[in-house]
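The structure under discussion appears below in the form of structure tokens.
Since every read-out is calculated from the coordinates, none of them should be taken as a lab result. The structure presented is a predicted model; accordingly, all values stated were derived computationally and were not measured. No Cβ is skipped: glycine too gets one built from the backbone with ideal geometry, and neighbour counts run over all protein chains shown.
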Amino acid sequence: MKPRRLEELCDLIQSHEFQSWWTELQRARAEEDTAQEREDELRSQLALVEFRAEHTQREAIDALSLAGSADDDAARTAAESNTLENQAYVAVGEFEEQRYRASDAYYHQGAAERLVEQCNEALRKHPGDARAADALAQAREALTRSSATLDHEERRKAVAWARVEALWERSTAAGLLVAEQKVRAGRIRKRAERMFAEAEERKLRAVELRSQATAATAARRNAERRVNGLVDQARVRFDCSAGSDFLYFPQKDHPRHAFCLPLVEDRESYNVEVVALALYTVDHQRGISFLEPVGTGSAPSISEGDSRFEEFLLKDRGDKAPRPS
């Protein structure tokens, strides 16, 4: 590296060669920033689309399982409805048998009533006939038994019919529920199919975004290589030391110090606000951890420089001799 005085460095910075290099570096860094932003945006979109595709597919699988559960419910309800319908057929048969018994009891009651009327008529014709009176008493007892039997059979018939109606009601309700459950299962299955299709579309979009992101990464790396190449050129073209954000030029009159030329703007990372192409002074120990703007008296005088050099040597040797004033 070639040591320079401040005037020489200012002439170099204002030269056409340096300004052309600086313009090219700015353009390359702008391209790098744009490529980085593009890559970051595409990576964010890719992560979001992949997450949504996976989430949608999981929801579709859950929906398909739910549709299967709805189909199972419909099948169970249909089986229950069929069982109830069969029970209703049996109950109808039992009701018909009970209706026959009730009808038979009704006929017996009618016969008992006619017998009572006949006995009453015979007793009216023969008021003192003991046999007629005894026959009337027996006929009345038979009528009482027939009436009781009829009431009993009628109650049993009513119970049998109530059971038939209850079974029919339950079977009908179950049948209606089967239809609803089947429709629900179909609706859920269609929703699952839509979500599967949506997940596939998002997967295809993810493939496209991944390709774009890969291309953006390549573009960003190319821009980064161009920036690094320009910085490497600065080392040779301007005979200096170059970092990623600074160029360093040894001071001709102060070997332990260097002029520092920022290539970036940074108002937060350093002890002072860093402005691109503004000159700062750094020493060899602290480097850019402590920047002193040129023109603030930070550059040491020749005698001060000699004193610092002597102090450095004495400190390394552990010498406690006083410094020359």
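Descriptive notes on the structure:
- Residue selected from the range 125-137 under the condition part of a helix (DSSP H, G or I) and either of a type in the set (D, E, K, R) or touching a residue at least 12 places away in the same chain (Cβ under 8 Å) (or both), by the criterion farthest from PHE95 (Cα to Cα): LYS125
- For the range 13-53, a tally of residues being in contact (Cβ under 8 Å) with a residue 60 or more places away in the chain and of a type in the set (Gly, Ala, Ser) returns 3.
So that you can scan it fast, the table gives a plain yes or no per residue for (1) out of contact with any helix residue (DSSP H, G or I) (no Cβ under 8 Å at 6 or more places or on another chain); (2) over 30 Å from LYS203 (Cα atoms); (3) crowded, with 18+ Cβ neighbours inside 10 Å:
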{"position": "PHE51", "(1), (2), (3)": "yes, no, no"}
{"position": "ALA70", "(1), (2), (3)": "no, no, yes"}
{"position": "ARG76", "(1), (2), (3)": "yes, yes, no"}
{"position": "GLY110", "(1), (2), (3)": "yes, yes, no"}
{"position": "GLU117", "(1), (2), (3)": "yes, yes, no"}
{"position": "PRO127", "(1), (2), (3)": "yes, yes, no"}
{"position": "ASP151", "(1), (2), (3)": "yes, yes, no"}
{"position": "ALA158", "(1), (2), (3)": "yes, yes, no"}
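- Among the residues of the range 176-234, those identified as among the small types (Gly, Ala, Ser) and crowded, with 16+ Cβ neighbours inside 10 Å are ALA185, ALA192, ALA199, ALA206, ALA213, ALA216, ALA219, ALA223, ALA234.
- Any chance THR149 is farther than 19 Å from TYR100 by Cα and in a helix (DSSP H, G or I): no
- Qualifying residue in the range 276-291 (condition: on the phi > 0 side of the Ramachandran plot and touching a Cys at 6+ places or on another chain (Cβ under 9 Å)): yes
- The set of residues from the range 3-26 being touching a helix residue (DSSP H, G or I) at 6+ places or on another chain (Cβ under 9 Å) and surrounded by fewer than 14 Cβ atoms within 10 Å (Cβ to Cβ) comprises GLU17, GLN19.
- Residue within the range 181-192 that is within 30 Å of ARG43 (Cα to Cα) and touching a helix residue (DSSP H, G or I) at 6+ places or on another chain (Cβ under 9 Å) present: yes
- Pair list, Cβ under 8 Å, 6 or more apart: the range 143-158 residue more than 19 Å from GLY93 (Cβ to Cβ), other residue surrounded by fewer than 15 Cβ atoms within 10 Å (Cβ to Cβ) and among the hydrophobic types (A, V, I, L, M, F, W, C): SER146/ALA111
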